[in-house]
Amino acid sequence: MIADRYRIEPGTAVNLSRWDPADHTLAPEGKEAARKISKKLNRRLAELQQLLYAQGRHKILMVLQAMDTGGKDGAIGKVFRGVNPQGVKVTGFKKPTTRELAHDYLWRVHAHTPGMGEIAVFNRSHYEDVLVVRVHNLVPAELWSRRYDQINGFERTLAEEGTTILKFYLHISKEEQKRRLQARIDEPDKNWKFARGDLAERALWDDYMEAFEAVLSRTSTVHAPWYVVPADAKWYRDLVILDVLTGTLERLQMRYPEPEDRIGEIIVE
Ligand code: ATP
Ligand code: MG
């Protein structure tokens, strides 16, 4: 996979100021050429998903995290365009309900992990419990600081039970977020996406970067690697995700199940 360069090797201390959100090294010819490649990868993804479903022997979990306006929704729409919606389950994790808060933070997450033949996409995830929760001290530090190891343990369990896990952090710059938030104010058909609260979160940008660095440094593992996706350019973001996703599915070397015995002799009347 060409996008391997964006994978965080386990045990690396990540400094996000060294990762360029506008990088497009893998697409030196620019947007149009990249879009052509993405289109092909997207068609291949549709085939691979059908194979995954037909074979029913693998489970795929894709986690998406980003700052507000980072492009999680847009990426899901683009990457899975043309893929059979029956085989892809997207779950968005918002502020926990009272009932969810009454349980441990992984309780609401586990139920949405993929079954055999499925691709589950998490739009936000259990990582919120060491991101927004850490930044706002929603639980004491003694509690959230233990969660990195707990999350690694949880993901190891999923992996050992047959789940292939991919985690993407969509990396945008603070300036790009400013442009995107302003567009949500200026363009009427984007107004619905604007929440005043996003401005308060933006003011905590540095705290969030620190929290993301802790996540990337402590929870990128062999069985559940993080990818830092340069996301200022949407076309590049989609290309990188598609490359990692299709590349990972190709490596599973899936085959259609064996047909029934002597199927060639059957004639349908
Ligand atoms: P998004 O911003 O993901 O596109 P949205 O705009 O539709 O979705 P929001 O209400 O802005 O919806 O996003 C969900 C909010 O829920 C985020 O602010 C996120 O930090 C918060 N959230 C998610 N999980 C948790 C959690 N475990 N604890 C506290 N807050 C959480
Ligand atoms: Mg939002």
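The values are calculated or read from the model by the stated rules, or taken from the named source; none is laboratory data. Only a predicted model underlies this, so the values are computations on that prediction, with no experimental measurement involved. Heads up, the Cβs are rebuilt from the backbone with ideal geometry, glycines too, and the neighbour counts pull from every protein chain shown. The area values use the complete protein model at the heavy-atom level, side chains included, leaving out ligands, DNA and RNA. Shrake-Rupley method; radii C 1.70, N 1.55, O 1.52, S 1.80 Å.
When Tyr236 is tested against (1) surrounded by 12 or more Cβ atoms within 10 Å (Cβ to Cβ); (2) part of a helix (DSSP H, G or I); (3) more than 17 Å from the chain's Cα centre (by Cα), only condition (3) is not met. In the condition set (1) surrounded by fewer than 19 Cβ atoms within 10 Å (Cβ to Cβ); (2) modelled with pLDDT under 95; (3) in a loop (DSSP other than H, G, I, E, B), Ala27 is compliant with all but (1). Among the conditions (1) surrounded by fewer than 18 Cβ atoms within 10 Å (Cβ to Cβ); (2) under 27 Å from Gly117 (Cβ atoms), the only one that Glu213 does not satisfy is (2).
So, in segment 199-210, of the ones that are under 13 Å from Thr69 (Cβ atoms) and hydrophobic (A, V, I, L, M, F, W, C), which residue ends up least open to solvent (accessible area, probe 1.4 Å)? Steps first, please.
Filtering segment 199-210 for residues under 13 Å from Thr69 (Cβ atoms) gives 199, 201-202, 205, 208.
From what's left, hydrophobic (A, V, I, L, M, F, W, C): 199, 205.
Working: Leu199: 81, Trp205: 18 Å².
For segment 199-210, the residue satisfying everything is Trp205.
Report, by residue number, each residue of segment 175-198 that is within 14 Å of ligand 1 (Cβ to nearest atom) and open to solvent by 80 Å² or more (accessible area, probe 1.4 Å). Correct list: Trp192, Lys193, Arg196. Residues in segment 203-222 that are among the hydrophobic types (A, V, I, L, M, F, W, C) and free of Cβ contacts under 8 Å to residues at least 24 places away in the same chain: Ala203 only.
Within segment 68-83, being open to solvent by 10 Å² or more (accessible area, probe 1.4 Å) and among the hydrophobic types (A, V, I, L, M, F, W, C) holds for Ile76, Phe80, Val83.
Tell me yes or no: at least one residue of segment 98-115 is surrounded by fewer than 18 Cβ atoms within 10 Å (Cβ to Cβ) and among the hydroxyl-bearing types (Ser, Thr, Tyr).
Yes, the conditions are met somewhere in segment 98-115.
In segment 199-223, the qualifying residues are those that are closer than 30 Å to Leu158 by Cβ and part of a loop (DSSP other than H, G, I, E, B), and the one that is farthest from ligand 1 (Cβ to nearest atom) is Val222. Residue count for segment 30-47 under the criterion of being open to solvent by 10 Å² or more (accessible area, probe 1.4 Å) and within 30 Å of Met209 (Cα to Cα): the result is 4.
Counting the residues of segment 61-109 that are away from ligand 1 (no atom under 14 Å from the Cβ) and either touching a helix residue (DSSP H, G or I) at 6+ places or on another chain (Cβ under 9 Å) or free of Cβ contacts under 8 Å to residues at least 12 places away in the same chain (or both) gives 13.
Per-residue answers, yes or no, for (1) in contact (Cβ under 8 Å) with a residue 24 or more places away in the chain; (2) within 16 Å of ligand 2 (Cβ to nearest atom):
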| position | (1), (2) |
| --- | --- |
| Gln150 | yes, no |
| Glu155 | yes, no |
| Gln177 | yes, yes |
| Asp186 | no, no |
| Phe194 | no, yes |
| Glu201 | yes, yes |
| Ala224 | yes, no |
| Val229 | yes, no |
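Of the residues Gln86, Gln50, Gln150, only one is at pLDDT below 95 and open to solvent by 70 Å² or more (accessible area, probe 1.4 Å); which?
Working: Gln50 fails: at pLDDT below 95; Gln150 fails: at pLDDT below 95.
The conditions single out Gln86.
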